[in-house]
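All of the numbers you see were taken from the coordinates with simple rules; none came from a lab. Computed from a predicted model, the values in this text were never measured in an experiment. Glycine gets a Cβ as well: all are built from the backbone with ideal geometry, and neighbour counts include every protein chain shown.
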Amino acid sequence: MLPIDKIIANVDKLPSLPTSVAKVMEVANNLKASPNDLSNVIKVDPVLTAKVLKLINSAYFSLPDQITNLNRAIILLGVNTIKNLAISTAVIGQFSKTKHKLFDMDKYWKHCMAVGVMCKKFSEKMGVDRRFREEYFIAGLLHDIGEIVIVEIFPDKLEQIAPRIQAGATLEEAERDILGATHAEIGAALGRHWKISDNLVAVIEEHHDPQIAGEHAQLVLSVYVSNIICNQNAYGMPGGSAAPAAPEIMAKLGIDEATITETLGHLEEELNKAMSFLKTAGG
Ligand SMILES: [Fe+2]
Ligand SMILES: [Fe+2]
């Protein structure tokens, strides 16, 4: 059995996503679904309903009025955003208790959120339709989910991975050496096990390999670039790739230096808002 097959077998032993979240994804992926259809599947799960409403009313969205009606929330934010809220709640909730002395959870989430916030900013600059911008935040937020999966299913291997990184290896090199697979591959295995949407799985799997970015290239490359910029600017992870992003990729996305400087200038402030997202989604 190849190491990755063995890992996938372990990932498949992790609990499935809550049925209600799986249903939300199913309905949201149906182009004919109405806000009412979505509301009906969320309503069945009171915990999910409460979380979605709490998220909508959190500082992250900074809406002028309190929203107490699920249907209204869906109409206001769109089916896609609500689907993303449900996915992130489930993913973050699943790992909210995961910890390890060699893994700095606060630093990890700060990195993921910074990538998400930056990526969403880039989506605005790139003129991505408003309905799909939240996808960019969630993609950034979840891109390194494989790292937590490693902490969860191979805690003892961290003892071997951490010293390699300290000695100068990149995270991917250390993971490949010790586990035979990277957090990108392992995270994608989780994404498939949970049947989360293809574009998010693509981001998780390809965010270090811009050359393989296919169908969802714009989203994948936005995360790729944001990840590198965050690693270069105090929002990084140990062993995170900090080699400059290829100029042709930046040009392809239409992200220039001025945009990066502007985004970095507001990042801390935006991160504080995004903190409320994480707190609410995981709590
Ligand atoms: Fe990564
Ligand atoms: Fe990352």
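Rounded to the nearest 10 degrees, the angle from helix 46-56 to the longest Cα principal axis of the chain is 80 degrees.
In terms of other Cβ atoms within 10 Å, Glu147, Glu159 run from fewest to most in the order Glu159, Glu147. Each stretch of four or more DSSP H residues adds -39500 (n - 2.57); spread over every residue of the chain, this sum gives -21000 deg cm²/dmol at 222 nm. Based on Cα contacts under 8 Å between residues 6+ apart, the range 3-282 shows a relative contact order of 25 percent. Relative to its residue count, the range 190-247 spans a Cα convex hull of 88 Å³ per residue. Projected label points at Arg192 and Glu26, each 7 Å from Cα along the beta carbon direction, are separated by 2.2 nanometres.
Farthest towards the positive end of the charge dipole of the chain, among the residues Leu271, Phe103, Ile228, is the Cα of Leu271, using unit charges on the Cβ of Lys, Arg, Asp and Glu.
Rounded to the nearest 10 degrees, the inclination of helix 19-29 to the longest alpha-carbon principal axis of the chain is 80 degrees.
One quarter of the surface of the convex hull around the alpha-carbon atoms of the range 153-219 equals 5.0 nm², the direction-averaged projected area. What the Cα atoms of the range 144-283 give is an Rg and a Dmax of 15.8, 43 Å.
Divide the volume of the convex hull around the Cα atoms of the range 1-75 by the residue count and you get 130 Å³ per residue.
Sorted into 10 angstrom bins from 0, the C-alpha pair distances of the chain split as 6, 30, 36, 22, 5, 0 percent.
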